[in-house]
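Undergrad: Okay, handing you the structure first.
Read-outs: derived from the displayed coordinates by stated rules, not from any lab. Just so it is clear, the structure is predicted and the values come from calculations on it, not from any experiment. All Cβ positions, glycine included, derive from the backbone under ideal geometry; neighbour counts span all protein chains shown.
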Amino acid sequence: MSARSKARPAPAVPFQPDWTDVLASIEDGVVVIDSAGVVADLNPAAEQLVGVSAPQAVGKRVDDLFSGERGRRAQRGALHWAGELVRDTLSQGVARRRGEGLLRSRRGDVEVNAACAPLHDGDGTVAGAVLVLRDLTLQRALEATGRRAERLAALGTVALGLAHEIKNPLGGIKGAAQLLRGAVDDPELVHCTDIIIREVERLDGLV
């Protein structure tokens, strides 16, 4: 056997990810549901959003997972919107979305948007669904910051306009006071014109 053949590297082993680690690394909440509407798994982000740990959630119907969210609608037997989204996906076999909705998480009510997609087995039968919940807290905070920045920019524009409008008459007042000062001999009137000129200069420095 030649030295070259001895140095040949071993074949690379195909990467086989641990799907539990994959789910745990996703920042969005992910809930996996079987075809009967029973929770099969959920990642840590979903635990935070729904306020229930994975051991408590697995084996429950998805409607029960969100039962704390129903409020008055539950008294009329209606499903929580997330449960409805999953049920529609399982029954129709197509992905469904919801623009936004509220979840009662461990840190209070959280606004999320949601998407639910069917999981198909080898023959195309719907075997379950995956519900993805995206926390909109940061997005809403950024939007609020942007709105505040826009308001401040608008106020700055108004302030610049006001400063310009104030400076114009100040120049006229100062000029008139200077002319008046040169035309009067009364010390008291001279003192008054000096006050006018000084205060105009102070205001001019402010704007």
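Undergrad: Bin width 10 Å, origin at 0, all Cα-Cα pairs of region 143-206: what percent of pairs per bin?
TA: Bins of 10 Å from zero give 20, 32, 20, 14, 9, 4, 0 percent of pairs.
Undergrad: Select from region 102-207 those trypsin sites (Lys or Arg not before Pro) which occupy a DSSP coil region and have at most 14 other Cβ atoms within 10 Å, ordered by residue number.
TA: Details: sites: R104, R106, R107, R134, R140, R147, R148, R151, K167, K174, R181, R198, R202; in loops: R106, R107.
Sparse-neighbourhood loop trypsin sites (Lys or Arg not before Pro): R106, R107.
Undergrad: Just round it to a whole percent: the fraction of Cα-Cα distances in region 86-207 exceeding 26 Å. Let's see the in-between values first.
TA: Numbers: 4525 of 7381 pairs.
I get 61 percent for the Cα pairs in region 86-207 exceeding 26 Å.
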